[in-house]
1. How many residues are of a type outside the set (S, T, N, Q) and crowded, with 17+ Cβ neighbours inside 10 Å if we restrict to the range 122-138?
2. Could you please give the count of residues in the range 273-287 that are outside any loop (DSSP other than H, G, I, E, B) and either in contact (Cβ under 8 Å) with a residue 12 or more places away in the chain or aromatic (Phe, Trp, Tyr) (or both)?
3. Conditions: (1) in a helix (DSSP H, G or I); (2) among the hydrophobic types (A, V, I, L, M, F, W, C); (3) touching a residue at least 24 places away in the same chain (Cβ under 8 Å). Val270 meets all but one. Number of the miss?
4. When the range 131-159 is examined, which residues are found to be in contact (Cβ under 8 Å) with a residue 12 or more places away in the chain, outside any helix (DSSP H, G or I) and either among the polar types (S, T, N, Q) or within 26 Å of Asp237 (Cα to Cα) (or both)?
5. Can you name every residue in the range 136-161 that is modelled with pLDDT under 95 and closer than 24 Å to Gly116 by Cα?
6. Which of the residues that make up the range 160-192 are under 15 Å from the mean Cα position of the chain (by Cα), assigned to a loop (DSSP other than H, G, I, E, B) and within 16 Å of Trp129 (Cα to Cα)?
7. Could you tell me which residue of the range 160-184 is surrounded by the most Cβ atoms within 10 Å (Cβ to Cβ), considering only residues that are in contact with a Ser or Thr (Cβ under 7 Å, 6 or more places away or on another chain) and more than 18 Å from Ala139 (Cα to Cα)?
8. If we scan the range 189-204, do we find a residue that is without any contact (Cβ under 8 Å) to a residue 12 or more places away in the chain and either in the same structural domain as Arg96 (by the TED database) or open to solvent by 30 Å² or more (accessible area, probe 1.4 Å) (or both)?
Amino acid sequence: MGYEEKSYDVIEVEKGVPIKAWTKGVPLEDQARAQLRNVAELPFVFKWVAAMPDVHWGIGATVGSVIPTKGAIIPAAVGVDIGCGMMAVETNLNARDLPDNLKGIRTAIEKAVPHGRTNHGGRGDVGAWQTIPARNAEAWQKLKPRYDAILEKHPKLDRGNHANHLGTLGTGNHFIEVCLDEADTVWIMLHSGSRGVGNRMGSYFIEVARKDMQKFFVNLPDVDLAYFPEHTEHFDDYVEAVEWAQDYARRNRDLMMEQIVGAVRTSAEVPPFTAELKAINCHHNYV
């Protein structure tokens, strides 16, 4: 067998585990490199830290990294858009089935999926449902019992914007896209997560972890790397909240995709079509 060149660089860390960085040919900013080193020095990181080609500075830990831990969990490394991810469905439409001007399709999608944010997320926010559709309300009822159980222990988490965000896109880098593959087949793709409710859970538990570290006099290379040790009450509470937020995020994407496909079907802009989910419905902000 000939010598096979590794597709990643290894950054050695004197007092920690190595960093495997898939960053050949892409810039790795100094701030991100420093954050990766900080994480690699934590005593519970397992084997190594992995940095992806899109790695960049984040809160405490870099965005675009995989941090395997054993016996502890770092809420800031998970972030606040818990369960954020991608979903794509393949249709049997071809590029030639699309109209020359896509404005009608875009308008139909924009009507079907609340998006953006106004009024500081308060009453009348364009990014939330004003009247929740029956299907979305039914989906929320299935998620609600576990949410209520989480609130029982952590009542500060409840500030509305949960049921009325289910099936909505949000802001930032979240998007809906009608796209073509190499064979000119039409796909519908979207990127979104656990919306306001997941954001609140992430922010809340990041703060809880910081306070726990102060209470136990734990010194960290960065306060944002505060963690919950396994077998503590907050560790279990956080894991349950994250799992719930991931389920919410997945359901959020499912509902949005149904709304989009339905809107495109009834837009009178394309012939009748089928839309089939391939194996693309996955989180990238998760535990």
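The values are calculated or read from the model by the stated rules, or taken from the named source; none is laboratory data. Owing to the predicted nature of the structure, the values given are computational and were not obtained by experimental measurement. Cβ coordinates were reconstructed from backbone atoms using ideal geometry, including for glycine residues, and neighbour counts include every protein chain displayed. In case anyone asks, the SASA skips ligands and DNA or RNA and just uses the protein heavy atoms, side chains included. Shrake-Rupley method; radii C 1.70, N 1.55, O 1.52, S 1.80 Å.
1. 4
2. 8
3. Answer for Val270: the failing condition is (1).
4. His154, Arg159
5. Residues satisfying the conditions are Leu157, Asp158, Arg159, Gly160, Asn161.
6. Leu166, Gly167, Thr168, Leu169, Gly170, Thr171, listed by residue number.
7. So, considering only residues that are in contact with a Ser or Thr (Cβ under 7 Å, 6 or more places away or on another chain) and more than 18 Å from Ala139 (Cα to Cα), the one surrounded by the most Cβ atoms within 10 Å (Cβ to Cβ) is Gly170.
8. The answer is no; no qualifying residue exists.
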